[in-house]
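The structure appears right after this line, and notes come after that.
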Amino acid sequence: MGKITEIRDPIHGFITLNEWERDIVNHPVFQRLRRIRQLGFTDMVYPAAMHNRFEHSLGVMQVATRMFDHIHERRGNFLKAELDFKEDELGRDRVLVRMSSLLHDLGHAPFSHAAEGLMDKDSSTEKPFKHEHYSAVIVCMLMQDVIENHPFNQKYDIKAKDISDFLNGEASLGRSLLWRSLVSGQLDADRADYLLRDSHHIGVAYGSYDLHRLIATLTVAIDPETSSAVLAVEEGGEHAAEALIIARYMMFTQVYFQRTRRAYDQHSVEAIKHLLYDHQKQSNLANKNAFPPPTCKVHVDDYLKWDDWRVFGLINEGKAGDHGSILMERKHHRAVFETPEIPSAADQELAQEIQEALGDDVGFVDCASNSWYKFDSADVPLLLRPGERDEKLTALSTCSSVVNGLKAVERTRIYVPLDKKEKARDTVANTRYEKEKSL
């Protein structure tokens, strides 16, 4: 693959790129990821959280490749005998996995997930677009030449649509769709990288787990219920999988849903919404408060002009409205009430009563179930007796009290503007007192 470029990474050591991958990385669309922060305004709470989607994308490619190579080495005979893979197909799939994992985040909006709620609805499904939809469209519309016409592609004949279909999970990929779980699944390279990367830059240990052991126990197996191949963990690797699940839980409760950084998420969304309307009020877009939908090249080109640098500049110029001023002055709304992580019916009832008592003083209500990152206790396939004639696929929860014990977080918080904080706290205290007196 010609000259190899080595990039030093704080999480994975050296990440290598061949000339084809380097040309893709040098494409302006990919370079935009340098201007998209991984965690939005999280630096307002954790000052070192300044990392971006560019380095994360390189890390996901590195991890996905390690996962693929391990499975190919350990389960090569299974892949060929049970799933009918050919060796040349596996070589092509390795390239497809690297390309897809490298490009999976192209479609992120400014400040990453925070602004994802400003994406328009898909008229065909009536569901909002997600950054994955933008990524898939961007690959086909803007990166076709560097993917399809590169000299190194003559051996593989990978089309931009192959990568787009991979990102969208299209059945047209056939057997190759198995590898999508390496980029989007319960044990995927995406979360494997961001947990370690986010905790490193933030300066916490919550996201730590044993990546090496996890990769060493990854495998593929046949799901007896669907007769399809799935990514799984071998018996003996269940504790590595548990560690990753706990890391996700801790990062969610301590970082991603941390009360102050969630306030900045809300303010940044409102500031961007103001900027979008101001920019698009004379356009033909039906929803002028949302990003242009990924339905044509004009819209995609306009969408890609939005990045953190542009938003920061407009905020600095005073063009982002009241919420832009709040961001500049760091006078974010304050949380005056929150339920437990797993609230009871009484907790939820109290939250509703407090919200009604506060009335117009409420700035916004934030629910864990509506946040851009959610923690649920999703299960992981576990392969018992791997390699034996009687190997069996089961769920990790069947033998893990850790997985069984984790419940989805449903915490609710109520925020008010800074100048109404003291008044609101009195209202909350009075409402609590009245509630307790009535019991």
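Data table
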| item | result |
| --- | --- |
| Filter pass, THR412 being surrounded by 13 or more Cβ atoms within 10 Å (Cβ to Cβ), touching a residue at least 12 places away in the same chain (Cβ under 8 Å), within 24 Å of ARG259 (Cα to Cα) and of a type outside the set (Phe, Trp, Tyr) | yes |
| Residues satisfying the stated conditions in the range 266-319, i.e. in contact with a strand residue (DSSP E or B) (Cβ under 7 Å, 6 or more places away or on another chain) and at pLDDT below 95 | none |
| Residue check, ILE342 at pLDDT 95 or above and either under 25 Å from the mean Cα position of the chain (by Cα) or outside any strand (DSSP E or B) (or both) | no |
| Among (1) surrounded by fewer than 19 Cβ atoms within 10 Å (Cβ to Cβ); (2) touching a Leu at 6+ places or on another chain (Cβ under 6 Å); (3) of a type outside the set (Lys, Arg) - the single one SER181 does not satisfy | (1) |
| Pair list, Cβ < 8 Å and 6+ apart or interchain, from the range 72-87 residues that are at negative phi to residues that are assigned to a helix (DSSP H, G or I) and among the β-branched types (Val, Ile, Thr) | LEU79/ILE71 |
| Only listed residue being more than 22 Å from the chain's Cα centre (by Cα) and closer than 30 Å to GLU116 by Cα, chosen from VAL60, VAL95, VAL45 | VAL95 |
| Filtered residue count, the range 425-439, keeping only those that are surrounded by fewer than 14 Cβ atoms within 10 Å (Cβ to Cβ) and either closer than 12 Å to GLN355 by Cα or touching a helix residue (DSSP H, G or I) at 6+ places or on another chain (Cβ under 8 Å) (or both) | 1 |
| Elements of type helices (runs of 4 or more DSSP H) in the range 279-332, at least 2 residues being within 26 Å of the chain's Cα centre (by Cα) and over 30 Å from SER164 (Cα atoms) | 308-316, 321-329 |
| Flag if ALA232 is under 29 Å from SER369 (Cβ atoms) and surrounded by 20 or more Cβ atoms within 10 Å (Cβ to Cβ) | yes |
| Residue in the range 367-374 that is of a type in the set (Lys, Arg) and modelled with pLDDT of 95 or more present | no |
| Of the criteria (1) over 24 Å from ALA160 (Cβ atoms); (2) of a type in the set (Asp, Glu); (3) at pLDDT 95 or above, which one GLU82 fails | (3) |
| Any hit, the range 210-222, residues being in the same structural domain as ASP193 (by TED's automatic domain parsing), in contact with a Ser or Thr (Cβ under 8 Å, 6 or more places away or on another chain) and over 30 Å from LYS331 (Cβ atoms) | yes |
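The values are calculated or read from the model by the stated rules, or taken from the named source; none is laboratory data. Note that the structure is predicted; figures quoted are calculated from it, not measured. In this analysis, Cβ positions are derived from the backbone assuming ideal geometry, glycine residues included, and neighbour counts consider all displayed protein chains.
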